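**Student:** I am attaching a structure below and will ask some questions about it afterwards.
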Amino acid sequence: MPKNSKGNNYGSQENMPEKDDNDDPIDLDDLLPKIGEFGIYQKLLLWLVCLPACLPCGFCAFNQLFMTDVPDHWCKVPELQNFNLTEEQRKIMSIPRKADDNTTFEKCSRYSVNWTEILSTDKNCEINTSWPLEPCFDGYVYDRSEVKSSIVIDFDLVCDFDVYPTLGLVALNVGGPIGVYSFGMLNDRIGRKKSFFTCLTTLLVGSLMTAYAHEYWFWVLARTIVGLTIPAVYQIPFIISLELAGPNYRSFVTVMTCIFYTLGLILLSGVTYMLRDWRSLALATSVPFFLYYLYWFVLPESPRWLLMRKRFEEANKILKSIARVNGKELPVEYTHKIQRQVLEQAMSGDKEAKTASMFALCRTPNMRLKTFLITLNWCASEMVYVGLSYYGPAIGNNQYMSFFLSSAVEIPSYLVCWVLMDRVGRRWPLCLSMVISGIFCIVTVLLPNGAETETLILYLISKCFISASFLIIYPYAGELYPTELRGVGIGTSAYIGGLGLIIIPFVNYLGSSNLVLPLVVMGAVSVVGGLTALRLPETLHTSLPQTAEEGEEFGKDWTYADCFKCGGQRPVAEAESYENLDQLELTQPPTEMDDELSEMPNIRRSSMRKLVRQASIVETQRDLDGNMKMTYWF
């Protein structure tokens with residue numbers, strides 16, 4: 001039914017609301033300021049439920065780096081076990097030294113001689129470097145002074161099998177794109193709450209299988225199951241808190257989630273330092289999360305999803321709880337509107353929601369180019385960020401300290417980036433963060449061999465900058481895609497970016513022969529991605545495109561001179577629009593809070609302006625009918 005203007009009220013029914021009020025859909029963005037945009041309810045949900053839910057994702061995604069520690073190793077010679085020799089003496093006698101370095105021993109070969117015969121005739125035998133060599137037919141001896149236990153030791157994943165730990169990391173990343181898409185669809189069908197516990201159960205099953213794996217391929221299967229839940233296991237409760245927070249606070253919720261995720265990685269570095277047994281580590285980083293099943297009693301279903309599924313009474317109950325905890329009252333007109341929609345639902349059949357196609361992104365030349373560049377930047381940023389995170393333990397003298405530092409440097413980058421995006425813009429911070437990160441990676445090739453401290457410093461600077469780009473790319477992509485294609489656009493770019501992670505473990509595998517080679521490769525990818533970002537139009541202080549036609553026109557007049565422009569000039573808003581993010585001020589009708597703080601208008605406007613950022617796109621994506629689609633968000 002088309003909307004009628006306020007002047008077209010026909011009839012004389014006194015108790016009937018105005019026609020446009022009857023037809024308006026329920027918009028929580030209008031309701032939340034009246035029942036509390038970020039009141040006690042949302043704060044308790046964020047700090048006690050959603051932020052702790054970040055821990056399982058980081059713990060189970062990166063604990064694998066420490067399960068695959070490779071200790072110093074050499075061939076086992078069973079014949080020498082029968083003689084009264086120390087392990088070091090056996091090593092000196094049976095293992096040849098490297099030709100280019102007479103102080104280190106070969107790891108994958110031994111002398112092919114009959115030691116029983118030699119030692120029975122001459123116990124003080126002289127080592128003959130011309131003796132023939134052979135592979136380690138009888139297994140390996142491992143130096144357990146630092147690495148007490150790892151899957152490499154238990155499954156002999158060295159020499160000809162040294163790529164197998166890398167394949168385990170590939171298996172983890174293969175599960176990611178499959179899982180987030182599957183759980184995204186599950187979210188749209190059974191709801192956020194049930195999907196979270198399904199995801200949590202999958203994660204815990206995979207983690208327990210990991211801890212009790214006694215065969216390598218069973219361990220790989222377990223890591224694939226764990227990968228299915230990453231990063232969905234923390235994104236689902238994050239989405240619930242994001243959907244319950246008002247538009248002015250979604251930016252704050254997003255940044256706090258990133259920071260708390262990083263704090264989880266810092267905590268993981270301490271756990272891995274104390275637990276050197278890989279099975280104990282797998283259990284310690286998963287079993288405590290069984291406590292999260294208690295969230296069933298406190299984690300609410302998303303009212304947005306309930307409204308989308310036309311479960312109005314359940315949504316009304318949750319909204320009343322939010323209002324009650326926040327010390328507000330749910331407006332009567334919203335209760336009437338929900339009751340009216342319940343009746344309309346019973347009288348009319350549901351319509352199938354329209355969905356946008358990913359092919360719509362490529363129908364016109366400008367939209368096609370922007371889609372390609374956005375996806376390229378997303379893929380480059382995600383690959384380099386995850387690649388550097390994986391490579392952290394390999395840098396420096398202490399892998400635990402290196403991982404701790406590589407995680408800690410992310411926090412200041414998030415805070416600085418949060419401020420710069422609304423002052424400088426999106427394009428230049430994205431470009432500079434990726435280019436600077438890449439340059440510092442590439443510079444490591446100029447350092448002399450053995451410069452571990454200098455390499456670590458350059459690596460940490462690079463990690464800091466790439467973390468900033470990883471925070472920028474999502475809201476920037478959301479602003480570049482038009483509203484009706486935003487969901488499928490972000491979903492496509494993010495999915496392709498996730499597929500790019502599959503090759504990252506192989507890039508890091510290059511570091512087994514040359515420490516700085518993976519850094520150079522990732523640095524080149526980061527620089528190329530950052531430079532291509534300059535071709536994208538700036539979105540700061542601009543009206544965002546709504547339709548595919550507007551998306552095609554947006555940035556179509558780009559010239560090379562635009563590369564040197566930073567930020568944009570704030571236009572005069574013709575009309576208030578939820579999509580015009582940077583024009584969003586406190587122009588809503590006065591609320592009770594406005595009345596209470598009327599004596600301090602400057603303080604309120606200043607504090608709110610700092611929190612208002614990316615309000616329309618840092619949220620669950622919508623289909624063409626305005627319904628929330630978790631599949632798109634992932």
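One line per residue, one yes/no per condition, for (1) touching a residue at least 12 places away in the same chain (Cβ under 8 Å); (2) open to solvent by less than 30 Å² (accessible area, probe 1.4 Å):
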| residue | (1), (2) |
| --- | --- |
| Trp47 | no, no |
| Leu51 | yes, yes |
| Ser94 | yes, yes |
| Asn102 | no, no |
| Lys107 | yes, no |
| Pro135 | yes, no |
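**Student:** Do you know which of the residues in the range 464-483 that are among the polar types (S, T, N, Q) and crowded, with 24+ Cβ neighbours inside 10 Å is nearest to Leu519 (Cα to Cα)? It would help to see each step written out before you state the result.
**Tutor:** Just the residues of the range 464-483 that are among the polar types (S, T, N, Q), to begin with: 467, 469, 483.
Now narrow it down to the ones that are crowded, with 24+ Cβ neighbours inside 10 Å: 467, 469.
Values: Ser467: 15, Ser469: 17 Å.
My answer is Ser467.
**Student:** Hey, Gly396 hits all of (1) part of a helix (DSSP H, G or I); (2) under 30 Å from Ser145 (Cα atoms) but one; which does it fall short on?
**Tutor:** That leaves (1) as the condition not met.
**Student:** On to the next question. Tyr391 fails exactly one of the following numbered conditions: (1) surrounded by fewer than 20 Cβ atoms within 10 Å (Cβ to Cβ); (2) in a helix (DSSP H, G or I). What is the number of that condition?
**Tutor:** Result: Tyr391 passes all but (1).
**Student:** So which residues in the range 502-523 are farther than 30 Å from Asn449 by Cβ and open to solvent by less than 20 Å² (accessible area, probe 1.4 Å)?
**Tutor:** Selection gives nothing.
**Student:** Identify the residue in the range 359-379 that is surrounded by fewer than 15 Cβ atoms within 10 Å (Cβ to Cβ) and assigned to a helix (DSSP H, G or I) and, among all such residues, is modelled with the lowest pLDDT.
**Tutor:** Taking the range 359-379 and keeping what is surrounded by fewer than 15 Cβ atoms within 10 Å (Cβ to Cβ), we get 359, 362-363, 365, 368.
Those still in the list that are assigned to a helix (DSSP H, G or I) too: 359, 362, 365, 368.
Values: Phe359: 79, Cys362: 85, Pro365: 91, Arg368: 91.
Ranking the candidates gives Phe359 first.
**Student:** Tell me which of these Leu294 doesn't satisfy, since it passes every other one: (1) more than 25 Å from Leu48 (Cβ to Cβ); (2) among the hydrophobic types (A, V, I, L, M, F, W, C); (3) at pLDDT 90 or above; (4) open to solvent by 50 Å² or more (accessible area, probe 1.4 Å).
**Tutor:** Among (1) more than 25 Å from Leu48 (Cβ to Cβ); (2) among the hydrophobic types (A, V, I, L, M, F, W, C); (3) at pLDDT 90 or above; (4) open to solvent by 50 Å² or more (accessible area, probe 1.4 Å), Leu294 violates only (1).
One line per residue, one yes/no per condition, for (1) in contact with a strand residue (DSSP E or B) (Cβ under 7 Å, 6 or more places away or on another chain); (2) buried (at least 23 other Cβ atoms within 10 Å of the Cβ); (3) modelled with pLDDT under 90; (4) assigned to a helix (DSSP H, G or I):
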{"site": "Leu430", "(1), (2), (3), (4)": "no, yes, no, yes"}
{"site": "Met434", "(1), (2), (3), (4)": "no, yes, no, yes"}
{"site": "Ser437", "(1), (2), (3), (4)": "no, yes, no, yes"}
{"site": "Cys441", "(1), (2), (3), (4)": "no, yes, no, yes"}
{"site": "Val445", "(1), (2), (3), (4)": "no, no, yes, yes"}
{"site": "Gly450", "(1), (2), (3), (4)": "no, no, yes, no"}
{"site": "Ile457", "(1), (2), (3), (4)": "no, no, no, yes"}
{"site": "Ser462", "(1), (2), (3), (4)": "no, yes, no, yes"}
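**Student:** Count, please, the residues in the range 114-142 that happen to be modelled with pLDDT of 75 or more, out of contact with any strand residue (DSSP E or B) (no Cβ under 7 Å at 6 or more places or on another chain), part of a loop (DSSP other than H, G, I, E, B) and not polar (S, T, N, Q).
**Tutor:** So the answer is 6.
**Student:** I'm trying to understand the selection: among the residues of the range 538-558, which are in contact with a Pro (Cβ under 7 Å, 6 or more places away or on another chain) and open to solvent by less than 20 Å² (accessible area, probe 1.4 Å)?
**Tutor:** Of everything in the range 538-558, those that are in contact with a Pro (Cβ under 7 Å, 6 or more places away or on another chain) and open to solvent by less than 20 Å² (accessible area, probe 1.4 Å) turn out to be Pro545, Gly551, Gly555.
**Student:** Right, next: Out of Tyr142, Tyr164, Tyr181, which single residue is closer than 25 Å to Ile496 by Cβ and within 36 Å of the chain's Cα centre (by Cα)? So that I can check it myself, show each step before the final result.
**Tutor:** On the way: Tyr142 fails: closer than 25 Å to Ile496 by Cβ; Tyr164 fails: closer than 25 Å to Ile496 by Cβ.
Sole residue among the options that is closer than 25 Å to Ile496 by Cβ and within 36 Å of the chain's Cα centre (by Cα): Tyr181.
**Student:** Return the pair list, or none, for Cβ contacts closer than 6 Å from residues in the range 248-266 that are within 19 Å of Ser406 (Cβ to Cβ) to residues that are surrounded by fewer than 18 Cβ atoms within 10 Å (Cβ to Cβ) and among the β-branched types (Val, Ile, Thr), at least 6 apart or on different chains.
**Tutor:** Close Cβ pairs satisfying both conditions: Ile259/Ile411; Thr262/Ile411.
**Student:** What are the residues in the range 293-329 that are of a type in the set (Ser, Thr, Tyr), closer than 14 Å to Leu45 by Cβ and part of a helix (DSSP H, G or I), if any?
**Tutor:** First, the residues of the range 293-329 that are of a type in the set (Ser, Thr, Tyr): 293, 295, 302, 321.
From the residues that got through so far, the ones that are closer than 14 Å to Leu45 by Cβ too are 295, 302, 321.
Passing the criteria: Tyr295, Ser321.
**Student:** Being modelled with pLDDT of 80 or more, open to solvent by 60 Å² or more (accessible area, probe 1.4 Å) and not small (Gly, Ala, Ser): is that true of Lys19 here? Outline the logic, then answer.
**Tutor:** Details: modelled with pLDDT of 80 or more: no; open to solvent by 60 Å² or more (accessible area, probe 1.4 Å): yes; not small (Gly, Ala, Ser): yes.
Considered against the rule, which asks whether it is modelled with pLDDT of 80 or more, open to solvent by 60 Å² or more (accessible area, probe 1.4 Å) and not small (Gly, Ala, Ser), Lys19 comes out as no.
The values are calculated or read from the model by the stated rules, or taken from the named source; none is laboratory data. Only a predicted model underlies this, so the values are computations on that prediction, with no experimental measurement involved. For neighbour counting, all protein chains shown are included, and Cβ atoms are generated from backbone atoms with ideal geometry for every residue, glycine included. Just the protein is used for accessible areas: all its heavy atoms, side chains included, with ligands, DNA and RNA removed. Shrake-Rupley method; radii C 1.70, N 1.55, O 1.52, S 1.80 Å.
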